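**Student:** Take this structure first; my questions come after.
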Amino acid sequence: MSAAPPDLRFDGRDRFVRAVDAAVAHGDAHAVTAALRGALCGLIADPQVRLPACIHAPIADRYARRELYRSPGYGYSVVAMTWGPGQGTPVHDHSGLWCVEGVWSGSLEITQYALVERDAERFRFRAAGGVRAGTGSAGSLIPPHEYHTIANPSPDRTAVSVHVYQAPLLRCARFVHERDEWYLRTDAALGLDALD
Ligand SMILES: [Fe+2]
């Protein structure tokens, strides 16, 4: 449950940080996320960038979150997520932070949800389209369009994605399905898994 050690090393780390820094320096959320999508696609394809081997190891009962880097200058956080076969998230938000996610290996199913109406802590969502994101692709979320699920639909392959968050995402809202299009909002703390 701790942040990435500042000295965490992996092959190509400096190239990784340079590319993400250059994208984040754009400032405006739309420009930053567009530049980051391009940067992540380039990094996934870059044979000189090899993320720590542990990110390929899934955890038995849930997806894993391992923080690889936290920017002292820009404040962003890079988290690798490891999705065992069939693992995924409930509908959730990102606490108002922008995020760009690239698929490092395998493929993921990402479904967006549109907020139709709200009654206090009860939210009515409608699925608003999904994408199957393959290795090497990247997508972004910019609030308020931030409600979504992510799942690894494969019955036998692990998937790995790399997420760049505007700032460390320590809490988010998760939405528990009640019935029809209605969900109950719950506040969730997001932990980090060890890097070994
Ligand atoms: Fe998410």
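**Student:** Could you work out the local net charge near P153, counting Lys and Arg as +1, Asp and Glu as -1, over the other residues with Cβ closer than 13 Å to its Cβ? Display every interim value, and only then the final one.
**Tutor:** Numbers: positive: R132, R157; negative: E109, D156.
Cβ neighbours under 13 Å give a net charge of 0.
**Student:** Still on this structure, please answer the following. For the chain, give the percent of accessible area contributed by carbon and sulfur heavy atoms, probe 1.4 Å, rounded to a whole number. Let's see the in-between values first.
**Tutor:** On the way: 4840 of 9320 Å².
Heavy-atom surface of the chain belonging to carbon and sulfur, 1.4 Å probe: 52 percent.
**Student:** From the backbone phi of segment 165-181, what are the Karplus-calculated ³J(HN,Hα) couplings (6.51 cos²θ - 1.76 cosθ + 1.60, θ = phi - 60°) in whole Hz, Gly and Pro given as x?
**Tutor:** 9, 3, 8, x, 8, 9, 9, 8, 9, 10, 10, 8, 5, 9, 7, 6, 9
**Student:** Give the calculated FRET efficiency between A22 and A167 to the nearest 0.05, with a Förster radius of 30 Å applied to their Cβ-Cβ distance.
**Tutor:** Taking R0 as 30 Å, the efficiency between A22 and A167 is 0.95.
**Student:** Given the rule -39500 (n - 2.57) for each run of at least 4 DSSP H residues, summed and divided by the residues of the chain, what is its mean residue ellipticity at 222 nm, to the nearest 500 deg cm²/dmol? Provide the component values of the computation, followed by the final result.
**Tutor:** Values: 2 runs with 29 residues, N = 196.
Value at 222 nm, helices only, nearest 500: -5000 deg cm²/dmol.
**Student:** Another question, if that's okay. Taking the Cα centre of segment 1-90 as origin, work out the dipole magnitude from +1 charges on Lys and Arg Cβ and -1 charges on Asp and Glu Cβ, in debye rounded to 20.
**Tutor:** Magnitude of the dipole: close to 120 debye.
**Student:** Per-residue HN-Hα couplings for segment 103-113, Karplus 6.51 cos²θ - 1.76 cosθ + 1.60 at θ = phi - 60°, whole Hz, x for Gly and Pro?
**Tutor:** Running phi through 6.51 cos²θ - 1.76 cosθ + 1.60 with θ = phi - 60° gives 8, 7, 7, x, 8, 10, 9, 10, 10, 8, 10 Hz.
**Student:** Roughly what angle does helix 13-24 make with the longest principal axis of the chain, taking Cα atoms, 0 to 90 degrees, to the nearest 10?
**Tutor:** The answer is roughly 50 degrees.
**Student:** Moving to a separate point now. Could you give the length gained by full extension between Q48 and A194, i.e. 0.36 nm per residue of separation minus their alpha carbon distance, to one decimal place?
**Tutor:** That pair, Q48 and A194, stretches by 50.2 nm at full extension.
**Student:** Something else now. Provide the per residue accessible area, probe 1.4 Å, for segment 13-189, rounded to a whole number of square angstrom.
**Tutor:** I get 45 Å² per residue for this part.
**Student:** Moving to a separate point now. Say each of R122 and D7 gets a label point 7 Å from the Cα, pointing the same way as Cα to Cβ; how far apart are those two points in nm?
**Tutor:** Going by the 7 Å Cα→Cβ label model, 5.5 nm.
**Student:** Place +1 on the Cβ of every Lys and Arg and -1 on the Cβ of every Asp and Glu in segment 13-189, take the dipole about the Cα centre, and give the residue among S137, Q112, Q48 whose Cα lies farthest towards its positive end.
**Tutor:** So the residue we want is Q48.
**Student:** Each residue of segment 125-136 in order: what ³J(HN,Hα) in whole Hz does its phi give by Karplus 6.51 cos²θ - 1.76 cosθ + 1.60, θ = phi - 60°, with x for Gly and Pro?
**Tutor:** Computed from phi, the couplings for segment 125-136 are 10, 10, 4, 10, x, x, 10, 9, 9, x, 3, x Hz.
**Student:** If the only charges are +1 at each Lys and Arg Cβ and -1 at each Asp and Glu Cβ, what is the size of the charge dipole of segment 13-189 around the Cα centre, to the nearest 20 debye?
**Tutor:** Working: 19 positive and 18 negative charges, 74 e Å.
Here the size comes out at about 360 debye.
**Student:** Something else about it: In segment 10-102, if the dipole is taken from +1 on Lys/Arg beta carbons and -1 on Asp/Glu beta carbons about the Cα centre, which of G27, G73, H92 is farthest to the positive end?
**Tutor:** G73
The values are calculated or read from the model by the stated rules, or taken from the named source; none is laboratory data. The structure displayed is predicted, hence computed values, not measured ones. Neighbour counts are summed over all protein chains in view; Cβ atoms, including those assigned to glycine, are modelled from backbone coordinates with ideal geometry. Areas reflect the complete protein model, heavy atoms only, side chains present, ligands, DNA and RNA absent. Shrake-Rupley method; radii C 1.70, N 1.55, O 1.52, S 1.80 Å.
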